[in-house]
Amino acid sequence: MDRISVAVKVFFEEPFWIGVVERTSEEGLRVCKVTFGAEPKDYEVLAFLLENYDKLRFGPSVETVV
């Protein structure tokens, strides 16, 4: 069974708030950038992920130690 770990980092990159979603699995590390307008609250980030995770476009896999 493939284990998947997801981490989200949100930071300010003028003029927007940016979210970086990191997905680590046996394939390696894949990353997706999400642009938020105003500073998102924690519950807004969670709601966004629950609603849109399957639509995110991750970059190619990079080999990493899992």
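The values are calculated or read from the model by the stated rules, or taken from the named source; none is laboratory data. The structure displayed is predicted, hence computed values, not measured ones. Cβ sites come from the backbone with ideal geometry, for glycine too, and all protein chains shown count toward neighbours. To get the accessible areas, we keep the full protein, side chains included, count just its heavy atoms, and leave off ligands, DNA and RNA. Shrake-Rupley method; radii C 1.70, N 1.55, O 1.52, S 1.80 Å.
Below, the figures for the structure above:
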{"quantity": "Long-range neighbours under 7 Å by Cβ, at least six apart or interchain, first residue open to solvent by 90 Å² or more (accessible area, probe 1.4 Å) within region 7-18, second of a type in the set (Ser, Thr, Tyr)", "calculated": "Phe16/Thr35"}
{"quantity": "Residue that is least open to solvent (accessible area, probe 1.4 Å), among those in region 20-42 that are assigned to a strand (DSSP E or B) and farther than 19 Å from Val62 by Cβ", "calculated": "Phe36"}
{"quantity": "Residue selected from region 43-66 under the condition without any contact (Cβ under 8 Å) to a residue 40 or more places away in the chain and assigned to a loop (DSSP other than H, G, I, E, B), by the criterion most open to solvent (accessible area, probe 1.4 Å)", "calculated": "Arg57"}
{"quantity": "Per-region count, region 2-17, residues more than 10 Å from the chain's Cα centre (by Cα) and assigned to a strand (DSSP E or B)", "calculated": "6"}
{"quantity": "Looking only at region 18-54, and only at residues there that are of a type in the set (Phe, Trp, Tyr) and over 25 Å from Asp2 (Cα atoms), the one that is nearest to the chain's Cα centre (by Cα)", "calculated": "Phe36"}
